1. Using amide H atoms built in the peptide plane, which far-off residues or other-chain residues are under 5 Å from Val126 H to H?
2. Would you please classify the overall shape of the range 226-281 from the alpha carbon gyration tensor, given that a ≥ b ≥ c denote the square roots of the eigenvalues, rounded means a/c under 1.5, and beyond that prolate means a/b larger than b/c while oblate covers the rest?
3. In Å and whole numbers, how far do the C-alpha atoms of the range 42-288 stretch along each principal axis, longest first?
4. At 0.36 nm per residue, and after removing the present C-alpha to C-alpha distance, how many nm does the segment from Leu142 to Lys89 gain when stretched out fully?
5. Using the Karplus equation 6.51 cos²θ - 1.76 cosθ + 1.60 (θ = phi - 60°), what ³J(HN,Hα) coupling, rounded to whole Hz, does each residue of the range 258-264 give in order, writing x for Gly and Pro?
6. So what's the back-of-envelope 222 nm ellipticity for the chain, counting only DSSP H runs of four-plus at -39500 (n - 2.57) apiece and dividing by all residues, rounded to 500?
7. Set the Förster radius R0 to 25 Å, insert the Cβ-Cβ distance between His176 and Gln47 as r into 1/(1 + (r/R0)^6), and round the FRET efficiency to 0.05.
8. Would you work out which of Gly80, Val295, Asn413 lies farthest towards the positive end of the dipole of the chain, given +1 charges on the beta-carbon of Lys and Arg and -1 on that of Asp and Glu, about the Cα centre?
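Computed from the coordinates by the stated procedures, all read-outs in this text should not be read as laboratory data. Keep in mind that this is a model prediction, so the values were computed, not measured. All Cβ positions, glycine included, derive from the backbone under ideal geometry; neighbour counts span all protein chains shown.
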Amino acid sequence: MKKFIFTLTLCAAACNSAAFASTLVTPERATQMLNKHEQHFDKRIVQVAPNVYTAIGYHGATTSMIVGDDGVIMIDSLMGPTSASNALKDFRQYSDKPVKAIIYTHSHGDHTGGAKAYAGASDVKVIGPANMGHHHGTDKVLDQIQKKREVRQFGRKLPPHEQSNRGVAPAVTIDHDRGTGFIKPTIEVKGDYKTRIAGIDIEIYAAAGETNDAMFIWLPNQKVLFSGDNFYQAFPNLYAIRGTPYRDVRTWSRSVARMAGFEPMALVGGHTTPILGQQKATAALKDYSEAIQSVFDQTVAGMNKGLDPVTIAQSVELPAHLRDKPYLTEFYGTVGHASRAIFAGMFGWFDGNPTNLNPMSNADTARQFARLAGGTAKLQANLEKAMKAEDYQWALVLTDHLSYLDGVDQYKNRDIKIKALRGMAVRDYNAPNRNYYFTYANELEALQKAVK
Ligand SMILES: [Zn+2]
């Protein structure tokens, strides 16, 4: 109940009562928040320790250079060789020693695709998790739809006036050469691994989270921790709306708790700005782990009560002392989506309510609702009212019902849906939601032009 009040306060009169998301605010507030978050994508190199440098804003992810006695070690390599060579060029103002090794934190393309730009023609060690390359976000058989949803989540095709950012990456990145600089690891790490390269002691720890093959890298002498994508400054994407298999939330929390145990002086996330200072970095990791665990615990408690996933998701909230932490703001993942993912991941699609064992078709439901409302015209009148009241979530529900009904001007109905989607988009500060709403609206608009 508390969250409901919180939502209404944030939304004020400009928001609607039907939509239930803590990331819906006024359009002005959403823009203001997203603009402030942009600081994490400003292109620059940050010195995180006397001999450790992190590049931000060269692509979506971070990449780092550790300067050793007779060479440098690179952590992650961005999406492609162009971005990686841009970063390397700027790293070179701090050291021109040869690259001795590249270490991947996990298999995602935005961390591995540019390695060749670092390696050049020389024979460098490439250290990565075992079974790398076998790990995909989704099954390949789903490529057709997954690519579409990926474009929506990241807003890859949005016009400049609809772009903000991607939650943990800038709105625009260099992607023409994605993956072309990938080098398969020459050393595959399973479990914990310690090594010394160019006089630098390096410890690598397996730490599943966003991916099963995630690892974090610890420099015991510099006390620098590279977390990969199990930490960045935004609420973690425990579920990605582009569609991914279940990410084990409990393990993710444990992995981050393990990182906190090292009490790093500098925490370099897989994306966004590093956190410097032992107290701040350790607190951020502890908070992150606790936030993830709390969403898990609340969801499981709701499941044990026999509640359905939507009801549970609407009641889960971050503990009060964590709610205002900048690194837990829902710019990327959301608490509600995470909760629903936990339900689905542990229990599958059935919400436990027998009504939903053999549901009516959407078309039948729409027809029954129209009959109950007193006819299609009544639904349409209600839709107009909803749009006037800026009750966009309810408007979306109504346009969906109307899309199944005979005698409805579907061109006009789609037009209203486009407006409602844009109404939602401008009010949402969660970047994936916002990008998805905008992109879907634009897809419908293209369809309108085709059928006209
Ligand atoms: Zn990443």
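1. The answer is Ile102, Thr186, Ile187.
2. Verdict is oblate for the range 226-281.
3. 48, 39, 35
4. Length gained, Leu142 through Lys89: 15.3 nm.
5. Ordered by residue, 3J(HN,Hα) equals 5, 4, 4, x, 7, 6, x Hz.
6. One gets -13000 deg cm²/dmol as the mean residue ellipticity at 222 nm.
7. The calculated FRET efficiency here is 0.25.
8. The Cα lying farthest towards the positive end belongs to Asn413.
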